[in-house]
Amino acid sequence: MTSQEIRQQFLDFFKSKEHLIVPSAPIVLKDDPTLMFSNSGMTQFKDYFLGYKEPKASRIADTQKCLRVSGKHNDLDDVGRDTYHHTMFEMLGNWSFGDYFKKEAISWAWELLTEVYGIPKENLYVTIFEGDEKENLERDNEAYNYWKEFISEDRIINGNKKDNFWEMGASGPCGPCSEIHVDLRSAEEKAKISGLELVNNDHPQVVEIWNLVFMQFNRKADGSLENLPAKHIDTGMGFERLCMALQHKESNYDTDVFTPLIAKVEELSGKKYTGILTDEKDIAIRVVVDHIRAVSFAIADGQLPSNGGAGYVIRRILRRAISYAYRFLDQKEPFLYQLVAVLQEQMGKFFPELEKQGTLVTEVIKSEEESFLRTIETGLIRVEKLIQQTISEGKKVLPTEEVFELYDTYGFPDDLTRIIAEEKGLTIDEAGFEQALNQQKQRSKADSAQKVYDWVTLEEKPENFVGYDKTESETYITRYRKVENKDGEFYQIVLSESPFYPEGGGQIGDKGVLENAAESFEVLETKKENGLIISLINGLPKDAGAVFYAKVNDSERRNSQANHSVTHLLHEALREVLGTHVEQKGSFVGPDYLRFDFSHFNKMTDEELKLVEDKVNAKIKDSIALQEFRSIPIQEALDRGAMALFGEKYGDNVRMIQFGTSMELCGGTHVKNTSEIGHFKLVSESSAAAGIRRIEAISADKADEYFKNLEKQITELSQLLKSKDVVRSIEKLIEENATLKSEVEAFKKEKAKGEIGDWKNAYEQKGDKLLLVKKTSLDAASVKDIVFQLKKEIPTSVTVILSDADGKPMITVGVSDDLASSYQAGTIVKDLAKEIQGGGGGNPGFATAGGKNLDGLENAYQKALNL
């Protein structure tokens with residue numbers, strides 16, 4: 001049975017049990033403040049469990065892309081070193097939202113595994129929650145009684161809270177769970193030791209494949225538990241492990257989930273995969289085929305590698321793969337990008353984003369490979385220099401600060417530094433490195449750490465967002481909670497009617513005020529969390545239940561929505577000018593400017609930029625009225641021609657924004673007519689990543705300011721130049737400046753000629769050699785000319801010139817050709833440069849160095865005399 005058949009049978013089975021089959025949500029999370037990535041199958045259903053949204057059906061099934069590389073759920077370091085841990089994996093799941101519970105979940109799981117998939121019953125074990133006295137939680141006898149209808153009681157194992165009580169996080173829905181484990185060992189192995197002793201003991205052939213979570217509690221912020229108003233089912237089955245069981249393999253990597261990728265790596269690298277766990281070559285191949293999946297899906301879902309946040313995690317995974325390929329597969333040139341096509345062939349049917357975004361994924365990975373391979377080469381030079389320095393000092397341990405700097409600043413893998421050091425008989429301070437790493441993490445946590453208290457609910461009522469229609473509203477607080485961070489004490493509030501737009505879709509959240517006759521509070525930011533629109537204020541009202549007046553900062557909102565509407569017009573203009581391959585890949589919309597990232601593989605020409613700018617301004621001038629469709633079926637919107645962005649999560653009903661022929665799915669605020677935008681000015685176009693270009697622009701008030709400032713500058717220039725024809729006057733100045741420069745250069749050359757004559761007579765006899773050490777204020781070019789002239793005319797000589805042209809110290813050294821085997825100009829200049837806190841180099845006959853310390857020239861002079 002192939003992996004594609006296994007996946008399809010799961011979905012078909014639960015469809016027959018009246019489950020709605022839904023697509024996988026994006027692996028990258030954009031609107032969840034607690035998570036960067038989907039790390040479990042239930043992530044996309046959090047709002048349903050928390051009661052913030054109504055599910056589209058009470059029974060749902062799917063396969064969800066998941067990523068576990070940071071935080072509590074972190075499998076990164078295990079990947080490649082065993083048979084079953086992965087960064088990106090699929091989680092098959094079935095869900096009940098207040099419908100069926102333990103009985104059905106258990107019986108259907110058993111039916112699917114034993115009757116549909118045909119796993120021998122004697123190979124299965126199950127665990128149940130044994131209870132916890134501290135939490136006052138009893139043993140899950142309900143699950144036990146259902147299980148014993150299918151499996152002998154001696155194969156039902158009590159599990160502790162760590163293994164058999166599932167929690168979403170520090171707070172939120174939770175409950176006991178039953179894990180299903182499969183024993184894949186041979187009959188001979190089973191005869192030696194019972195599988196009962198190996199469950200949950202990290203045995204590679206006795207593994208958990210399915211977890212049935214019975215959601216019945218809510219963990220509050222203070223740690224206490226309360227019953228949920230409705231009971232839910234949340235199950236997750238590891239697809240890769242299931243394939244291992246059904247394809248009778250001993251490793252996930254031996255299944256057809258990975259074998260096509262492994263075959264491609266073998267073809268490209270010339271290395272044969274043997275499946276040995278301790279073989280570094282095989283570890284590297286497992287790392288590569290695992291990591292290429294994680295990185296490809298993340299990029300396809302809109303997360304590009306970068307130096308911060310989720311982008312940093314993706315870059316780290318990719319660089320780990322590149323590093324392993326470099327070290328153990330001898331891949332010194334980019335090659336990972338060639339695996340993307342194989343992945344598309346394997347998974348494109350179920351995950352169409354791989355097909356749609358394949359070119360972008362390939363180009364981004366290739367570019368990252370090229371960049372990091374250069375980093376590795378540079379790092380190797382730095383490591384070698386560090387090793388030589390350590391050996392020269394008679395030490396055996398590389399200095400921790402430098403090793404950490406290589407890792408933290410230059411992205412050079414610490415384990416690669418370790419391997420190279422060991423080859424030279426040296427080590428790195430493992431404890432010191434870990435300490436430095438932990439200190440950095442603690443600093444990062446301290447910067448972002450905040451304590452969030454439980455909600456105080458004043459009224460159980462869903463809030464109403466009125467910000468599309470008005471920027472002021474009479475309202476009251478329905479719930480609030482205290483938040484403490486490094487900046488002080490604040491309060492997050494939820495309003496019965498909120499005009500404040502919550503950050504999302506690239507647009508920043510609204511600011512403003514909340515006030516009544518008695519009090520006034522500044523609204524510092526507005527975000528959305530678990531379906532709630534939350535505004536942050538700088539205090540707590542004395543009467544939290546009083547009626548307030550909420551006012552959005554009108555000028556900031558007006559400029560933000562002008563910029564947001566511009567992104568739609570810009571998107572359409574780019575597609576008209578560059579082609580329909582252009583797709584939005586990110587944006588920032590604020591009151592001061594907009595940033596728009598889009599897929600395109602070449603720098604835009606000046607003509608293209610001008611054409612795009614003109615097209616946008618033409619649409620502004622046409623005064624196109626906004627057509628807004630608040631809630632229409634997503635398919636209807638797509639049929640009308642609306643743009644849907646990959647990586648975004650859309651519901652069954654969507655909001656569509658239309659300005660003429662521009663139609664996009666969007667939740668942001670917009671102008672009522674394009675004429676309100678005023679003018680669009682493109683400020684810059686640059687590269688954001690491989691295959692991604694970035695435009696920054698302004699509109700509305702900021703565009704007005706731009707042109708007013710431009711007009712003012714031209715007026716001032718006209719007055720300064722005493723001419724209305726500013727351009728011609730500046731051209732004339734440039735011409736005059738060029739003439740003067742030419743005259744100055746001629747003067748310098750004449751002066752230098754005079755110096756040469758004096759310096760020829762100033763050489764001192766040093767044994768059988770001649771030495772000239774001189775100070776001058778001549779510029780670098782003149783000094784260079786003189787030194788080369790002296791090298792030719794004065795044999796067996798060393799010339800050292802110390803200059804302070806333009807207030808900066810510089811040292812120039814020339815060695816005549818007949819002394820080049822005895823004296824190295826580069827070595828001499830490096831030694832002298834220490835005195836001016838500088839550095840430089842060159843060849844044996846000529847070298848220069850610049851520095852920071854002008855006063856050090858005197859010491860350098862004395863040092864040169866003693867050569």
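The values are calculated or read from the model by the stated rules, or taken from the named source; none is laboratory data. Predicted, not measured: the structure shown is a model, and the values here were computed from it. Every residue, glycine as well, gets a Cβ built from its backbone with ideal geometry; the counts of neighbours run over all protein chains shown.
In the stretch 841-856, the count of residues that are more than 17 Å from Lys784 (Cβ to Cβ) and in contact with a Ser or Thr (Cβ under 9 Å, 6 or more places away or on another chain) is zero. Out of all the residues in the stretch 623-643, is one or more surrounded by 19 or more Cβ atoms within 10 Å (Cβ to Cβ) and not hydrophobic (A, V, I, L, M, F, W, C)? No; the residues of the stretch 623-643 include none that is surrounded by 19 or more Cβ atoms within 10 Å (Cβ to Cβ) and not hydrophobic (A, V, I, L, M, F, W, C).
Which residues, taken from the stretch 177-204, are closer than 20 Å to Gly238 by Cβ and either of a type outside the set (A, V, I, L, M) or not assigned by TED's automatic domain parsing to the domain that holds Met215 (or both)? Steps first, please.
We begin by selecting, within the stretch 177-204, every residue closer than 20 Å to Gly238 by Cβ; these are 177-185, 195, 198-204.
Within the stretch 177-204, Cys177, Ser178, Glu179, His181, Asp183, Arg185, Gly195, Asn200, Asn201, Asp202, His203, Pro204 meet the criteria.
Scanning the stretch 172-225 for residues that are in a strand (DSSP E or B), aliphatic (A, V, I, L, M) and within 33 Å of the chain's Cα centre (by Cα) returns Val207, Ile209, Leu212, Val213, Met215. Of Ser777, Ser742, which residue is small (Gly, Ala, Ser) and outside the structural domain of Glu858 (by TED's automatic domain parsing)? Matching residue, one of Ser777, Ser742: Ser742. Considering only residues in the stretch 269-313 that are among the polar types (S, T, N, Q) and not in a helix (DSSP H, G or I), the one that is farthest from the chain's Cα centre (by Cα) turns out to be Thr274.
Could you go through the stretch 817-834 and let me know if any residue there is assigned by TED's automatic domain parsing to the domain that holds Leu778, under 11 Å from Leu771 (Cα atoms) and among the aliphatic types (A, V, I, L, M).
No, because not a single residue in the stretch 817-834 is assigned by TED's automatic domain parsing to the domain that holds Leu778, under 11 Å from Leu771 (Cα atoms) and among the aliphatic types (A, V, I, L, M).
Among the residues of the stretch 371-407, the ones that are closer than 29 Å to Ala688 by Cβ, surrounded by 14 or more Cβ atoms within 10 Å (Cβ to Cβ) and charged (D, E, K, R) come to 2 in all. The number of residues in the stretch 255-277 that are of a type in the set (D, E, K, R) and over 20 Å from Phe335 (Cβ atoms) comes to 1. With the condition kept exactly as written, say whether any residue in the stretch 611-625 is closer than 20 Å to Glu583 by Cα, of a type outside the set (S, T, N, Q), outside any helix (DSSP H, G or I) and in the same structural domain as Val577 (by TED's automatic domain parsing). No, the stretch 611-625 contains no residue that is closer than 20 Å to Glu583 by Cα, of a type outside the set (S, T, N, Q), outside any helix (DSSP H, G or I) and in the same structural domain as Val577 (by TED's automatic domain parsing).
Rundown of residues vs (1) assigned to a helix (DSSP H, G or I); (2) surrounded by 18 or more Cβ atoms within 10 Å (Cβ to Cβ); (3) at pLDDT below 95; (4) of a type outside the set (Phe, Trp, Tyr), yes/no style:
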{"residue": "Arg7", "(1), (2), (3), (4)": "yes, yes, no, yes"}
{"residue": "Phe13", "(1), (2), (3), (4)": "yes, yes, no, no"}
{"residue": "Pro26", "(1), (2), (3), (4)": "no, yes, yes, yes"}
{"residue": "Thr34", "(1), (2), (3), (4)": "no, no, yes, yes"}
{"residue": "Phe45", "(1), (2), (3), (4)": "yes, yes, yes, no"}
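Do we have Tyr324 as among the aromatic types (Phe, Trp, Tyr) and within 21 Å of Tyr84 (Cα to Cα) here? Considered against the rule, which asks whether it is among the aromatic types (Phe, Trp, Tyr) and within 21 Å of Tyr84 (Cα to Cα), Tyr324 comes out as yes.
Which of the strands (runs of 3 or more DSSP E) contained wholly in the stretch 646-763 include at least 3 residues that are surrounded by fewer than 17 Cβ atoms within 10 Å (Cβ to Cβ)? Step through it out loud before you land on a result.
On the way: elements: 653-659, 662-665, 680-689, 692-699.
In the stretch 646-763, the matching strands (runs of 3 or more DSSP E) lie at 680-689.
Residue count for the stretch 181-203 under the criterion of being surrounded by 13 or more Cβ atoms within 10 Å (Cβ to Cβ), closer than 16 Å to Asn158 by Cβ and of a type in the set (D, E, K, R): the result is 0.
For the stretch 314-341, give me each residue that is part of a loop (DSSP other than H, G, I, E, B) and touching an Asp or Glu at 6+ places or on another chain (Cβ under 6 Å).
Quick first cut of the stretch 314-341, residues part of a loop (DSSP other than H, G, I, E, B) only: 329-335.
Across the stretch 314-341, the qualifying residue is only Pro334.
Filtering Glu115, Glu122, Glu142, Glu90 for residues that are touching a residue at least 12 places away in the same chain (Cβ under 8 Å), of a type in the set (Asp, Glu), closer than 25 Å to Phe14 by Cα and part of a helix (DSSP H, G or I) leaves a single hit, Glu142. Taking first residues from the stretch 808-819 that are in contact (Cβ under 8 Å) with a residue 24 or more places away in the chain and partners that are of a type in the set (Lys, Arg) and assigned to a helix (DSSP H, G or I), the Cβ contacts under 7 Å between residues at least 6 apart in sequence or on separate chains come to Thr812/Lys784; Gly814/Lys791; Ser816/Lys791. Selection over the stretch 780-823 of residues that are part of a loop (DSSP other than H, G, I, E, B) and either of a type in the set (D, E, K, R) or at pLDDT 90 or above (or both) gives a count of 7. If you take the residues of the stretch 461-473 that are out of contact with any Ser or Thr (no Cβ under 9 Å at 6 or more places or on another chain) and of a type in the set (Asp, Glu), which of them is farthest from Lys542 (Cα to Cα)? Going through the qualifying residues, I end up with Asp469.
All conditions in (1) part of a loop (DSSP other than H, G, I, E, B); (2) surrounded by fewer than 23 Cβ atoms within 10 Å (Cβ to Cβ); (3) modelled with pLDDT of 90 or more hold for Tyr84, with the sole exception of (3). Residues in the stretch 483-497 that are in a loop (DSSP other than H, G, I, E, B) and within 21 Å of Glu463 (Cα to Cα): Ser496 alone.
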